[in-house]
Amino acid sequence: VQLQASGGGPVQAGGSLRLSCAASRRAFSSSSMGWFRQAPGKEREFVAAIMWSGSSTYYADFVQGRFIISRDNTENTAYLQMNSLKPEDTAIYYCAQLFSCSTDSNPRAWDYWGQGTLVTVSS
């Protein structure tokens, strides 16, 4: 399984970015997809997750309605639309895949990881 994250970059506070995570075809539509992030000197933390069908989504409290996770099972791709970005959102964002009927906010529970894409929000 390969996951390729993209879409990061520099953005000013209040701006938007859309991250993409392209997955190899193996059972993509039967897996949960998630986004995590890791800021310098901090542990990796849960951002959002979406179930295999896209019918259920989960967000960290700090998202506060600013981010939207989605997926396109025909394209084997998951997305994270990030709006109203804040400087504290600066981090490397990782996509992850979990072959389970559930999701988990614990990074250790996830099966596969992408390489990460850097998001830098300036004030």
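The values are calculated or read from the model by the stated rules, or taken from the named source; none is laboratory data. If you're wondering where the values come from, they're calculated on a predicted model, not measured in any experiment. Using ideal geometry, Cβ is built from the backbone for each residue, glycine included, and neighbour counts are taken over all protein chains shown. Remember, those area values only see protein heavy atoms, side chains included, never the ligands or the DNA or RNA. Shrake-Rupley method; radii C 1.70, N 1.55, O 1.52, S 1.80 Å.
If the condition is being of a type in the set (A, V, I, L, M) and either more than 19 Å from ILE50 (Cβ to Cβ) or open to solvent by 60 Å² or more (accessible area, probe 1.4 Å) (or both), then the range 86-118 contributes ALA91, ILE92, LEU118. Of the residues that sit in the range 27-49 and are in a loop (DSSP other than H, G, I, E, B) and not aliphatic (A, V, I, L, M), which one is surrounded by the fewest Cβ atoms within 10 Å (Cβ to Cβ)? This residue is GLY41.
Let's see how each residue does on (1) of a type outside the set (D, E, K, R); (2) more than 20 Å from ALA39 (Cα to Cα); (3) outside any helix (DSSP H, G or I); (4) under 14 Å from the mean Cα position of the chain (by Cα):
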position	(1), (2), (3), (4)
SER55	yes, yes, yes, no
TYR58	yes, yes, yes, yes
SER70	yes, yes, yes, yes
GLN81	yes, no, yes, yes
LEU85	yes, no, yes, no
GLN97	yes, yes, yes, yes
SER100	yes, yes, yes, no
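Filtering the range 1-26 to residues that are surrounded by 13 or more Cβ atoms within 10 Å (Cβ to Cβ) and assigned to a loop (DSSP other than H, G, I, E, B) leaves VAL1, GLY7, GLY8, ALA13, GLY15, SER24, ARG26. Of note, THR77 satisfies the criterion of being open to solvent by less than 60 Å² (accessible area, probe 1.4 Å), at pLDDT 95 or above, within 12 Å of the chain's Cα centre (by Cα) and hydroxyl-bearing (Ser, Thr, Tyr).
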